[in-house]
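In what follows, a structure is listed as structure tokens, so that the remarks can point back to it.
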Ligand SMILES: Cc1cc2nc3c(=O)[nH]c(=O)nc-3n(C[C@H](O)[C@H](O)[C@H](O)COP(=O)(O)O)c2cc1C
């Protein structure tokens, strides 16, 4: 670990601020690196269940659920697992699978009915969208550019739970084209969210940067399944789903490390973060920020708890900021 903390800085307290788009004229300055991951913001992905005492302005940013060009109902139930074993949830020591299937009202209704409501929250919002065509990515960016309530766009190039969902994130060329199509239609910061199951993550991340991405988000869920040997059935209506939670953490951590050595843009680490120490692991691996996903399914207060624990870790480590850390 490289420590460049002066005693004066320590006396002034902790500075967790981070800019996820330092090369973009709009910048994407967050008060701290703890964000809420797409699809896990409240019970519906758009904040249902978030109460007044949960101050979203205390978090770095929120990424509400992905919008697609047209409305999507999602996959057959059950759409996520576990539905039992609640006693193990506190430890996070459990299998998290989902196959929601990008349930959303579509970008048009989203921009009309959903995102304007975000203006009233004291938060930094990042819009997420997915598509199965380069042209539609461009069109969505153009529509979104007129919308309000958000400061940046995360491209979900990597959903394993819809047909062709990972099409883009599995191809360097399509990744570059999708990002470039969005770049051509908006000057807001772009984060490219990539898939874990690719042979060469560095190649895909470089393509995203070449296309104009300001930051890389790593990673989405990993294709996975689970069979209940009592019912002799798979636990998801879609049969397969995406693995998130603790099992994903070491995989994503390695991707973050590899990509951080290869590209010169900020990286957002995602996968199995249930504690401040997990967040610190990602920052030590090269991430500038982190997103909390499955932990929100255990308790909606998880990001605030994790932020407090990250600050504890900084104090214990004698750090006043998170810049320049590495293993
Ligand atoms: C229930 C659920 C819904 C999700 N929906 C989305 C989504 O709409 N868009 C997206 O980019 N990622 C989605 N994800 C993936 C998460 O944003 C995150 O990348 C993944 O869960 C890994 O982080 P975690 O291990 O902290 O959950 C979803 C994950 C879960 C568990």
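Before moving on, here are some points about what is shown:
- The chain: most fluctuating residue of 207, 37, 215 per GNM, C-alpha cutoff 10 Å: 207
- Near-label residues of the stretch 230-258 by backbone N, under 16 Å of a point 7 Å along Cα→Cβ of residue 326: 256-258
- Per-peptide average of other Cβ atoms within 10 Å, ordering 189-198, 246-255 highest first: 189-198, 246-255
- Cα centroids of the stretch 35-65 and the stretch 251-287: 21 Å apart.
- In nm, spacing of pseudo-spin labels at residue 112 and residue 135 (7 Å Cα→C-beta vector): 2.3 nm
- Principal axis extents of the C-alpha atoms in the chain (largest first, rounded to whole Å): 57, 50, 42.
- Approximating the spin labels as points 7 Å out from Cα along Cα→Cβ, the residue 225-to-residue 200 distance works out to 3.0 nm.
- The alpha-carbon atoms of the stretch 123-224, seen along their principal axes, cover 36, 25, 23 angstrom, with the largest extent given first.
- Full-stretch length increase - residue 173, residue 14 - with 0.36 nm per residue and alpha-carbon distance subtracted: 53.1 nm
FYI, it's all coordinate maths here, none of it is from the lab. This one's a predicted model, so the numbers in the text were calculated from it and none came from an experiment. Here the Cβ is made from the backbone with ideal geometry for all residues, glycine too, and neighbour counts use every protein chain on show.
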